[in-house]
Amino acid sequence: MQAVILAAGEGRRIRPLTRGRPKALIPVANRPIIDYPIQALLECGIRDIVVVVGYRKEQVIRYLNTLDLPVDVVIQEKQLGTGHALKCAENALEDEFLVVPGDNYIDGASLGKILDTPSSMLVKTHPYPSNFGVVVIRDGLVESIVEKPEHAPAFTISTGIFSLDRDIFSFLHENDLTDAISGMLRQGREIRAVMAEDWQDAIYPWDLLAMNERLIGNMKPKTSGILEKSVVLQGNVGIGKDTHIGPNSVIMGPVVIGEECEIGPYSCIGPYTSIGSRVKVDPFSCIEDSVIMDDVSIGAYSNVKKSVLGEGVVLGDHNSTIVASHLMEIEGNPIRGKFGAVIGNETSCGPFTAIEGAIIGNNATIGGGRTISSTMAYDDDITVI
């Protein structure tokens with residue numbers, strides 16, 4: 001059995017975090033998202049893997065080359081949809097194969113279920129089905145798929161994971177894979193619905209927090225680095241090589257910290273926090289329920305909660321993120337999110353800055369003493385003094 005991983009898209013609704021990298025490479029629990037479906041495939045004994053790349057393709061290829069696994073790479077030159085991406089891989093695929101998104105989490109047990117069920121799709125119940133393709137099921141078979149309806153007819157959604165054969169290519173007349181599946185259904189082909197055990201997607205930037213919370217609990221703790229004697233570790237904590245944890249700091253798991261980090265004295269790292277590599281946290285700062293990417297610097301006496309900080313973000317002393325719920329417009333749609341801050345790559349905030357439920361773009365400069373309480377989604381290179 002083969003598998004094709006679709007990893008060509010940008011993930012526009014995750015901006016500003018995908019301005020510089022595809023969604024499949026965003027780190028969650030300190031691993032790129034694409035790593036999770038690859039792991040699930042390997043757990044099912046599938047090693048014949050084709051990966052379709054497109055947006056920022058050189059980054060994905062570079063990452064795939066670090067794996068101890070030979071994969072075939074197919075390039076989608078223009079990102080025209082999932083159906084078009086699959087069509088690009090047609091010559092690399094044999095009779096039967098799995099189709100798996102490269103920017104979702106899926107567990108091996110769920111893939112094992114669909115592996116044993118030809119002509120099927122993985123589905124999952126979801127409290128907000130209108131963000132996905134909604135699947136209408138009757139007697140275990142898919143009756144129809146309604147893509148992102150305003151009024152969902154059911155709470156069962158498509159995970160984008162399918163067990164298919166080469167017949168699908170005769171139905172790929174449109175750019176979206178869902179259209180091809182709908183075409184098969186109209187011609188009387190049977191597609192069986194298989195309920196996933198564990199699956200998760202991140203539609204908007206703050207959804208990465210829920211995904212991180214889910215996945216960090218699966219982490220196998222491995223603690224290295226240098227820990228001062230007065231450091232307190234509680235629960236499941238992973239600390240990378242050459243990381244130094246200062247005296248009187250408290251780390252309450254589940255937490256994962258990357259390599260070459262400096263966690264200052266009297267710092268508190270709370271549950272469901274992932275911290276990348278080469279991160280500097282100055283003394284008396286607290287971080288909780290957050291995703292902190294590589295090369296971030298957090299000043300002294302700062303409080304970061306329920307936030308996503310992109311690579312190279314610099315927060316001055318006495319910065320705080322305040323969890324709030326704001327209505328914002330993303331891709332032309334009003335969306336309400338509840339989080340502290342989402343900050344794009346290489347953005348800096350001066351001392352005594354408060355960010356309350358806001359999205360700030362890449363390479364922005366926020367002067368000290370400011371309070372940012374409304375979305376600045378997708379605004380790169382701004383300066384607020």
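Considering A193, A180, which residue is in a strand (DSSP E or B) and buried (at least 16 other Cβ atoms within 10 Å of the Cβ)?
Exactly one of A193, A180 is in a strand (DSSP E or B) and buried (at least 16 other Cβ atoms within 10 Å of the Cβ), namely A193.
Are any residues in the range 50-90 over 18 Å from I38 (Cα atoms) and without any contact (Cβ under 8 Å) to a residue 12 or more places away in the chain, and if so, which ones?
E58
So if I check each of P334, P283, P265, which one is in contact with a Phe, Trp or Tyr (Cβ under 7 Å, 6 or more places away or on another chain), over 14 Å from L209 (Cβ atoms) and outside the structural domain of P22 (by TED's automatic domain parsing)?
Exactly one of P334, P283, P265 is in contact with a Phe, Trp or Tyr (Cβ under 7 Å, 6 or more places away or on another chain), over 14 Å from L209 (Cβ atoms) and outside the structural domain of P22 (by TED's automatic domain parsing), namely P283.
What are the residues in the range 20-42 that are part of a loop (DSSP other than H, G, I, E, B) and more than 14 Å from the chain's Cα centre (by Cα), if any? Before you say what the answer is, go through the steps one by one.
Quick first cut of the range 20-42, residues part of a loop (DSSP other than H, G, I, E, B) only: 20-22, 26, 29-30, 33-34.
Passing the criteria: only G20.
Taking the conditions exactly as written (farther than 21 Å from M211 by Cβ, without any contact (Cβ under 8 Å) to a residue 40 or more places away in the chain, buried (at least 16 other Cβ atoms within 10 Å of the Cβ) and not aromatic (F, W, Y)), does G225 satisfy them or not?
The answer is yes for G225.
Give the residues of the range 120-144 that are among the hydrophobic types (A, V, I, L, M, F, W, C) and under 16 Å from A202 (Cβ atoms), sorted by residue number.
Restricting attention to the range 120-144, the residues satisfying the condition of being among the hydrophobic types (A, V, I, L, M, F, W, C) are 121-123, 132, 134-137, 141-142.
Across the range 120-144, the qualifying residue is only F132.
Looking only at the range 206-236, how many residues end up being modelled with pLDDT of 90 or more, within 30 Å of G112 (Cα to Cα) and in contact with a Gly (Cβ under 8 Å, 6 or more places away or on another chain)?
Result for the range 206-236: 2.
Output the residues belonging to the range 224-244 that are assigned to a loop (DSSP other than H, G, I, E, B) and of a type outside the set (S, T, Y).
G225, E228, K229, V231, G235, N236, G240, K241, D242
Does any residue in the range 116-127 that is hydroxyl-bearing (S, T, Y) come within less than 8 Å, Cβ to Cβ, of a residue that is not in a strand (DSSP E or B) six or more places away or on a different chain, and which pairs are these?
S119/R189; S119/E190; S119/I191; S120/I114; S120/I191; T125/F155
Would you confirm, using the coordinates I've provided, whether P247 is touching a residue at least 24 places away in the same chain (Cβ under 8 Å) and either surrounded by fewer than 20 Cβ atoms within 10 Å (Cβ to Cβ) or assigned to a loop (DSSP other than H, G, I, E, B) (or both)? It would help to see each step written out before you state the result.
On the way: touching a residue at least 24 places away in the same chain (Cβ under 8 Å): no; either surrounded by fewer than 20 Cβ atoms within 10 Å (Cβ to Cβ) or assigned to a loop (DSSP other than H, G, I, E, B) (or both): yes.
Judged against the criteria, P247 is not a match.
Return yes when K305 is of a type in the set (K, R), surrounded by fewer than 20 Cβ atoms within 10 Å (Cβ to Cβ), under 19 Å from the mean Cα position of the chain (by Cα) and at pLDDT below 95 and no when it is not. Write out each step before concluding.
On the way: of a type in the set (K, R): yes; surrounded by fewer than 20 Cβ atoms within 10 Å (Cβ to Cβ): yes; under 19 Å from the mean Cα position of the chain (by Cα): yes; at pLDDT below 95: no.
Judged against the criteria, K305 is not a match.
Residue check: is K113 touching a residue at least 60 places away in the same chain (Cβ under 8 Å), over 18 Å from V194 (Cβ atoms) and basic (K, R)?
Numbers: touching a residue at least 60 places away in the same chain (Cβ under 8 Å): yes; over 18 Å from V194 (Cβ atoms): no; basic (K, R): yes.
Considered against the rule, which asks whether it is touching a residue at least 60 places away in the same chain (Cβ under 8 Å), over 18 Å from V194 (Cβ atoms) and basic (K, R), K113 comes out as no.
Of all residues in the range 320-345, which are buried (at least 23 other Cβ atoms within 10 Å of the Cβ), among the small types (G, A, S) and assigned to a strand (DSSP E or B)? Talk me through it step by step, then tell me what you get.
So in the range 320-345, the residues buried (at least 23 other Cβ atoms within 10 Å of the Cβ) come out as 321, 339-345.
Restricting the remaining residues to those that are among the small types (G, A, S) gives 340-341, 344.
Passing the criteria: only A341.
How many residues are hydrophobic (A, V, I, L, M, F, W, C) and without any contact (Cβ under 8 Å) to a residue 40 or more places away in the chain if we restrict to the range 23-41?
The initial filter retains those residues of the range 23-41 that are hydrophobic (A, V, I, L, M, F, W, C), namely 24-26, 28-29, 33-34, 38, 40-41.
Filter once more, keeping what is without any contact (Cβ under 8 Å) to a residue 40 or more places away in the chain: 25, 38.
Residues that pass the stated criteria total 2.
The values are calculated or read from the model by the stated rules, or taken from the named source; none is laboratory data. Computed from a prediction, not measured in an experiment: that's the story for all the values here. Reconstructed Cβ throughout: ideal geometry from the backbone, glycine too, with neighbour counts over all protein chains shown.
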